[in-house]
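Here's the structure, in structure tokens; my notes come after.
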Amino acid sequence: MLVSKALWFGFTTLCYVLLIAVQLRYPGLFSDKQGPAWFRSFNWVYALIFSGFGIVLQGAITRLFNTLSANLWRPLMLCVGAALALLNAVMLMWWVGLPMNVELWLSAVLGLALVTVLARVLPAALLLRWYGLQP
């Protein structure tokens, strides 16, 4: 079980660092003035990216805090994910000089909230596999 916890935590950290690295390499990618034409002002792309991150984060949280229940895993994932999204926005503001974009942060929180809703409607067998509770 310790190996599974370490793998999920490491993969979650890698996904977050990769997200920051892409944004530092291509500053303003999700702003409405820069980036490819189909990316401009589409906050849904940012929401989808954080949905993918939320799936990995949910798996890591369920394995790290396996003594808690699913009723606490989902809000914990949403709070930790929202804090990481805010940290991402602040780091972009400091390092790249982009203004603080609250819309992107809210898009990230919306993407994370989609994962919590998804966790409520998935079949139990798939959910147990995702949470690492299947023997």
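The values are calculated or read from the model by the stated rules, or taken from the named source; none is laboratory data. This one's a predicted model, so the numbers in the text were calculated from it and none came from an experiment. Quick reminder, even Gly has a Cβ in these numbers, built from the backbone with ideal geometry, and neighbours come from all protein chains shown.
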Among the residues of the range 4-29 satisfying the criterion of being over 16 Å from the mean Cα position of the chain (by Cα) and within 30 Å of W130 (Cα to Cα), which is modelled with the lowest pLDDT? S4
Residue within the range 99-122 that is touching a Lys or Arg at 6+ places or on another chain (Cβ under 6 Å) and more than 24 Å from V45 (Cα to Cα) present: no
Is it true that some residue in the range 105-120 is assigned to a helix (DSSP H, G or I), modelled with pLDDT under 90, under 17 Å from W8 (Cβ atoms) and of a type in the set (A, V, I, L, M, F, W, C)? yes
Within the range 40-94, restricting to residues that are among the hydroxyl-bearing types (S, T, Y) and modelled with pLDDT under 90, the one that is nearest to the chain's Cα centre (by Cα) is Y46
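Condition check ((1) among the basic types (K, R); (2) more than 18 Å from K5 (Cα to Cα); (3) surrounded by fewer than 18 Cβ atoms within 10 Å (Cβ to Cβ)) across all residues:
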residue: F50; (1), (2), (3): no, yes, no
residue: L64; (1), (2), (3): no, no, yes
residue: R74; (1), (2), (3): yes, no, no
residue: V80; (1), (2), (3): no, no, yes
residue: L86; (1), (2), (3): no, yes, yes
residue: W95; (1), (2), (3): no, yes, yes
residue: L106; (1), (2), (3): no, yes, yes
